Structures are given as structure tokens and as C-alpha cells.
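All remarks here apply to the structure that follows.
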Amino acid sequence: QVQLVESGGGWVQPGGSLRLSCAASGLTFSSYSMKWYRQAPGKERELAATIAAAGFTIYADSVKGRFTVSRDIAKNTVYLQMNSLKPEDTAVYYCNAQYLSYRYWGQGTQVTVSS
């Protein structure tokens, strides 16, 4: 059974930082592209960052230069380091694992950026 468990969300002031973690189990972690999506209230879910199985990374324009996605294959964990946070980064952040037609989601973790 595949499980993705996010952690690290919370409240932070504008300009602050948070690091999200997503621990995966039940899959061959190194074969999967790992993605971070986010969904703000009243908005559609959007893709924020990807780390491909090959290791390259892709970012949405809205987070480029502020967010960094990384992974530790030995720990089956993907991270999202978020710096210079803005109120518009407030959202539920979801971890996603994808390989061919296989796609799995975590339960989400809330990130709130406000003063």
C-alpha cells in the first residue's frame, strides 16, 4: 500500500521560511517523479514544483527563485524548502508521486503566511 505523508506546514510571517517533507512508502521511490501541488481557498490546485526521477527540477513561475525541491532517496523523502514566503503562498500543499499511469497523493499540509 502506497502512502505519502506530508509534514512541516504551519503559520509563518511574510518573508519567512518553511520546509515541507513528504515521506513515501510502498513504492520504488527512485522511479517516481515527485511533485508538490498547492491549492488556495477558492482556487484550483496548481503544480508548484517537480523533481523528476532523473533528478532535474521544474518550478512554477510563481515560486521560482524562492522554493527548492529536493529528495533523499535513502529516506524515501521529498522536501520543499520555501523561502521569502508571501501571503499568496497560503494554501494546502500536497505531495504527489507519479510513474507512468500510477499516481498517488498525500493528505496535504496547511501553510499559512500572514502577519
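The values are calculated or read from the model by the stated rules, or taken from the named source; none is laboratory data. Just so you know, these numbers come straight off a predicted model, no measurement behind them. We place every Cβ from the backbone using ideal geometry, glycine too, and count neighbours over all the protein chains shown. These accessible areas exclude ligands, DNA and RNA; they are computed on the full protein's heavy atoms, side chains included. Shrake-Rupley method; radii C 1.70, N 1.55, O 1.52, S 1.80 Å.
Structure notes:
- Within the range 92-115, if we keep just the residues that are among the hydroxyl-bearing types (Ser, Thr, Tyr) and part of a strand (DSSP E or B), the residue that is nearest to VAL12 (Cα to Cα) turns out to be THR112.
- Matching residues, the range 1-18, being over 12 Å from the mean Cα position of the chain (by Cα), more than 12 Å from TYR93 (Cα to Cα) and open to solvent by less than 70 Å² (accessible area, probe 1.4 Å): VAL2, VAL12, PRO14, GLY15, GLY16, SER17
- The selection criterion, being at pLDDT 95 or above, of a type in the set (Phe, Trp, Tyr) and farther than 23 Å from ALA74 by Cα, holds for TYR59.
- Residue satisfying condition, being under 10 Å from the mean Cα position of the chain (by Cα), closer than 18 Å to ARG19 by Cα and of a type in the set (Gly, Ala, Ser), within set SER62, SER70, SER84: SER70
- In the range 78-87, the qualifying residues are those that are assigned to a strand (DSSP E or B) and in contact with a Phe, Trp or Tyr (Cβ under 8 Å, 6 or more places away or on another chain), and the one that is surrounded by the most Cβ atoms within 10 Å (Cβ to Cβ) is VAL78.
- Members of the range 88-115 found to be among the acidic types (Asp, Glu) and open to solvent by 20 Å² or more (accessible area, probe 1.4 Å), listed by number: GLU88
- Selection of the range 19-73 for residues being open to solvent by 30 Å² or more (accessible area, probe 1.4 Å), farther than 15 Å from TYR94 by Cβ and not in a loop (DSSP other than H, G, I, E, B) yields ARG19, SER25, SER30, SER31, THR57, ILE58, TYR59, THR68, SER70, ARG71, ASP72, ILE73.
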